[in-house]
Every structure is written in C-alpha cells, then in structure tokens.
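One structure below.
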Amino acid sequence: MTLLAILVLGFFLGMRHATDADHVVAVSTMVSRERRPKAALLMGALWGIGHSLTILVVGGAIILFGLVVPPRLGLSMEMSVAVMLIVLGAMNLSGTLGHMSDLAKDKSQAIAQEEPLRASSMRTPGWLIRPLVVGIVHGLAGSAGIALLVLATIRAAGWAMLYLALFGLGTVVGMMTLTMAMSLPVVLAPQRFTPNERLLAKVTGIASVTFGLFLAYRVGFVDGLFLSVPSLEPK
C-alpha cells in the first residue's frame, strides 16, 4: 500500500473511529434533547476538535519525542472515560443536562429578541465547553494506542504527524455526521411529543451509566488498572 493510500485511509479510519461505542454513548447523552440541527452539528464539531487536538498533542509527543506512556497512566486515562460516561448518564437521568439545555435555549431567545445582531452568540460557555471537554477526555484515552499503531506502519515522523492530522479531521467529520443523524428523531418529532424527548434522555442516560460501569470493570480488572500488573495494549 502506498503512503498516499495510507494517508487517505487515515481520514476514513478517523470517521469510523467517531462511531466507537463509547463515543456514541457519550455524545448521545448530549444531543438527546437537541432540536436544532445546527446546534447538534456544532456539538459534534466541538467534540471532534477536542478529541483531535488531544490526539495531535499526546500522539505527537509519542511520535516526535519517543514519549512512553506507562500502562497504569494509560489505563487511568481510559478510566476517566468510564467515569465521565457514568456522570453524563447520571446527569441525563436526573434531568440536569436537560435543565442546562433549557437555560441555554431561554438565553438564546432572550438575546435574539433584545439584540438580534448578537444572536450568533446564543450559546452559553458551559454548553460550548461540555462537548469540547468530553472530546478531550476521549482523546486522552485513545492517543497512546493510536500513535503506537501509526508508528507501526509509518516510521517517518513528518508523515506520521500528517496521518494523525488527517485521522483527526476524519474524526471531526464523522462526529458531525453522527450528531446530525442522532438529532433527526428529535428534530422531526412534533413539539407536543416532549414526553418522548424525556424518555429518550432517560434511555440514553441508562445506556451511558451501564456502558460506563462496564468500561470501568474492563479497565480496572480485565486490563489490570486495579491489579498489580496492568496491561495497556494498543486498540
């Protein structure tokens, strides 16, 4: 396989990477109440940017400087994803995310009515930061494995960094597509079906907590974070 083909493959692998189960579960908890396609698209873009920046920084350090991530540290970063999934799910089940989303919507409407020219600034900092932080945490968990897999295929540091950049771009595009698709059922549903939105939020909350607990068990005991000899394998 030529180097160009490998780089193109990196972009499409990045798109596929966006559909990993833990990514889908995390993002679904945030878009389950979102009725605006543009907002869902922005949420996916922010998640992808956070994820890709972390991959470039940590993965780049591994490629350029030979940084070695100790197994226990790498597993701890993966455990942070499990904890985050449990917290996001609990917030959805308690209605916290929905309440935060409603506050953002109310503020958006108030700004649009009082100062139409500021309508583009309708998002609260918390709404914007949340998907970015979630993406960063996911990027931390996967950066070491991705960088090691790249080095196994591409030995030249410059080309390996380009691969990571294309992989990150593919992840952004893939997550934007995914969040748009996730938001469609809510967008297309009539406004009177608000109880169904709450049901969807509960379902995604349960899925997030369940998957988070499963991931915590796998990282803690199968991979050995809580055992004497941890094992970090590239995934």
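Taking Lys and Arg as +1 and Asp and Glu as -1, the other residues whose beta-carbon sits under 13 Å from that of residue 220 total 0. Derived scalar couplings between HN and Hα for the stretch 144-152 equal 5, x, 5, 4, 5, 5, 5, 4, 5 Hz in order, rounded to whole Hz, by the Karplus curve 6.51 cos²θ - 1.76 cosθ + 1.60 (θ = phi - 60°), x for Gly and Pro.
Could you work out how much longer the chain between residue 61 and residue 19 gets when fully extended? Use 0.36 nm per residue separation minus the Cα distance between them, nm to one decimal. If you can, show how the numbers build up before the last one.
On the way: separation 42, 0.36 × 42 = 15.12 nm, distance 2.54 nm.
That pair, residue 61 and residue 19, stretches by 12.6 nm at full extension.
Put a dot 7 Å past the Cα of residue 229, heading toward its Cβ, do the same for residue 213, and the two dots end up 3.1 nm apart. Label sites at residue 177 and residue 9, each approximated as a point 7 angstrom past Cα along Cα to Cβ, lie 1.9 nm apart. In the context of the full protein assembly, residue 182 retains an accessible surface of approximately 40 Å², using a probe radius of 1.4 Å and ignoring ligands and nucleic acids.
The values are calculated or read from the model by the stated rules, or taken from the named source; none is laboratory data. Keep in mind the model is a prediction, meaning the values are calculated, not measured. Counting neighbours? That spans all protein chains shown, and the Cβs are built from the backbone with ideal geometry, glycine included. All accessible areas refer to the heavy atoms of the entire protein, side chains included, with ligands and DNA or RNA removed. Shrake-Rupley method; radii C 1.70, N 1.55, O 1.52, S 1.80 Å.
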